[in-house]
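The values are calculated or read from the model by the stated rules, or taken from the named source; none is laboratory data. This one's a predicted model, so the numbers in the text were calculated from it and none came from an experiment. No Cβ is skipped: glycine too gets one built from the backbone with ideal geometry, and neighbour counts run over all protein chains shown.
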Amino acid sequence: AQSPVKVTVTGAAGQIGYALLFRIASGQLLGADVPVKLSLLEIPQAVKAAEGTAMELDDCAFPLLSGIEVTADPNVAFDGTNVALLVGARPRTAGMERGDLLQANGGIFGPQGKAINDHAADDIRVLVVGNPANTNSLIAQQHAPDVPAERFTAMTRLDHNRALSQLAAKLQVPVTEIKKMTIWGNHSATQYPDLFHAEVGGKIAAELVDEAWLRDTFIPTVAKRGAAIIEARGASSAASAANAAIDHVFDWVNGTEWTSAAIPSDGSYGVPEGIISSFPVASRNGKWEIIQGLEINAFSRERIDASARELEEERAAVRELGLI
Ligand code: NAI
């Protein structure tokens with residue numbers, strides 16, 4: 001039998017953590033035949049709550065769950081880790097400037113990156129969910145010089161899934177009919193959900209909808225869906241975010257022909273090298289590859305560039321703050 005894969009979840013006592021851990025333990029993250037060992041990392045004040053979740057995980061008697069640890073020490077949590085899901089982050093609170101937000105998150109993702117560098121398994125894969133996810137991932141990556149840079153990713157799969165769902169509803173087709181959806185850029189309001197390469201029943205999606213809907217309804221609805229969920233639910237997306245994290249890692253490990261993920265740019269499509277930006281990607285042999293050769297029209301160019309510019313500004317800001 002395969003030896004267990006160690007999966008570390010930070011922010012384990014939070015709402016995404018609660019929606020995520022049970023699905024990992026049931027085998028949905030890696031596959032139904034892969035045993036997992038869970039490590040739950042929390043801040044000291046939340047360790048007790050995470051221990052409560054660990055008790056519930058025990059009570060599920062999941063056949064694939066071979067062990068659980070709960071800790072407030074990143075060096076313990078990331079020791080021998082194969083998959084790290086960095087969910088815990090410092091949220092923006094009223095009156096907080098961008099610099100304060102980046103500073104607070106630098107204090108979390110810098111040390112976690114270093115602990116990953118020093119203790120994780122050689123095949124470590126990192127998905128950052130905690131916002132600002134792309135730049136938090138960059139901060140962690142820059143503190144882990146011994147880990148291949150490409151192992152640091154950030155989540156835009158929730159945006160991707162939202163785009164699938166919005167388009168499916170508009171065209172009255174099942175989501176499974178839609179291929180080649182793409183989210184470009186930052187997991188923020190500047191993200192660009194691209195319908196010029198998405199296909200529905202072999203036709204280009206952008207040609208099946210009118211331009212006004214695409215521009216004035218589809219793009220803002222996808223980009224602002226997080227705020228709409230908060231408005232309706234009184235809390236931010238949790239189960240759908242956990243679901244997207246599962247999709248991201250499952251596809252990374254098991255392969256896919258086309259999805260969206262934020263990965264370090266190699267300069268493709270004019271996106272500055274090094275920033276962690278969302279692209280159309282395939283996964284082969286456990287590695288993300290940017291899908292090449294797509295034609296980018298002026299409408300897309302403008303939006304891809306704007307989101308890349310925002311990521312460059314975030315990178316410049318964390319450099320200036322000495323966080324990378
Ligand atoms: P939450 O506030 O319910 O939970 C966050 C947890 O992280 C808390 O239990 C907190 O104690 C913990 N935490 C804080 N600092 C930590 C540290 N240094 N080490 C370990 N744990 C730490 O938040 P929720 O709803 O679970 O969301 C988590 C993050 O995910 C937020 O930053 C949110 O903005 C982000 N998010 C990202 C999405 C995406 O698509 N990329 C979608 C939805 C949420």
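Among the residues making up segment 267-281, those that are surrounded by 17 or more Cβ atoms within 10 Å (Cβ to Cβ) and either on the phi > 0 side of the Ramachandran plot or assigned to a strand (DSSP E or B) (or both) are Tyr269, Gly274, Ile276, Ser277, Ser278, Phe279, Pro280, Val281.
Residues being more than 20 Å from Ala121 (Cα to Cα), of a type in the set (A, V, I, L, M), within 16 Å of the ligand (Cβ to nearest atom) and not in a helix (DSSP H, G or I) are entirely absent from segment 30-40.
Report whether or not Thr176 is crowded, with 18+ Cβ neighbours inside 10 Å, modelled with pLDDT of 95 or more and either assigned by TED's automatic domain parsing to the domain that holds Ala223 or of a type in the set (S, T, N, Q) (or both). Full working, then the answer.
Numbers: crowded, with 18+ Cβ neighbours inside 10 Å: no; modelled with pLDDT of 95 or more: yes; either assigned by TED's automatic domain parsing to the domain that holds Ala223 or of a type in the set (S, T, N, Q) (or both): yes.
For Thr176, the condition - crowded, with 18+ Cβ neighbours inside 10 Å, modelled with pLDDT of 95 or more and either assigned by TED's automatic domain parsing to the domain that holds Ala223 or of a type in the set (S, T, N, Q) (or both) - is not met.
For the residues Ile219, Ile246, Ile230, the requirement of being in a helix (DSSP H, G or I) and within 15 Å of Ala169 (Cα to Cα) singles out Ile219. Counting the residues of segment 221-248 that are away from the ligand (no atom under 13 Å from the Cβ) and either touching a helix residue (DSSP H, G or I) at 6+ places or on another chain (Cβ under 6 Å) or among the β-branched types (Val, Ile, Thr) (or both) gives 1. Just checking, how many residues over segment 1-29 are of a type in the set (A, V, I, L, M, F, W, C) and part of a strand (DSSP E or B)? Residues meeting the conditions: 3. Which pairs turn up if I take residues in segment 110-131 that are on the phi < 0 side of the Ramachandran plot and not assigned by TED's automatic domain parsing to the domain that holds Asn285 and look for partners that are among the charged types (D, E, K, R) and assigned to a helix (DSSP H, G or I) with beta carbon separation below 6 Å, at least 6 apart in sequence or on another chain? Within 6 Å, the pairs are Ile124/Arg151; Arg125/Arg151; Val126/Arg151.
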